[in-house]
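Just so you know, all these numbers are worked out from the coordinates, no wet-lab data involved. Given the structure is predicted, the values throughout are model-derived calculations rather than measurements. Please note: Cβ atoms are built from the backbone with ideal geometry, for glycine as well, and neighbour counts cover all protein chains shown.
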């Protein structure tokens, strides 16, 4: 996996996080397509991987949407051990974008132990 400061080899001005996301999603999509076994939530995984691919192609993915798609993909293929490594790579690529700010309920006091 590339570090955040490293530029893509293509010479473009593409965000390296987006390039990493695109590569990880592409690998997992290929692994999923090559998997002969069918499982109940395969369609959900395929749809959400397509959504991640589209966000990466757009160049500026929305962090909450990335995390939502990742959660749905993990739920859909989490028990398929053959896809565990690819899923982990997608998770690491999503993590490169950091965490979205957490919304606090109105009137809730800030807890210094909460991660912002």
Next on the checklist: Among the residues in the stretch 27-42, are any surrounded by 14 or more Cβ atoms within 10 Å (Cβ to Cβ) and without any contact (Cβ under 8 Å) to a residue 24 or more places away in the chain?
Outcome noted: no
Next on the checklist: Taking the condition of being assigned to a helix (DSSP H, G or I) and either under 9 Å from the mean Cα position of the chain (by Cα) or within 19 Å of residue 22 (Cβ to Cβ) (or both), how many residues in the stretch 78-96 meet it?
Outcome noted: 12
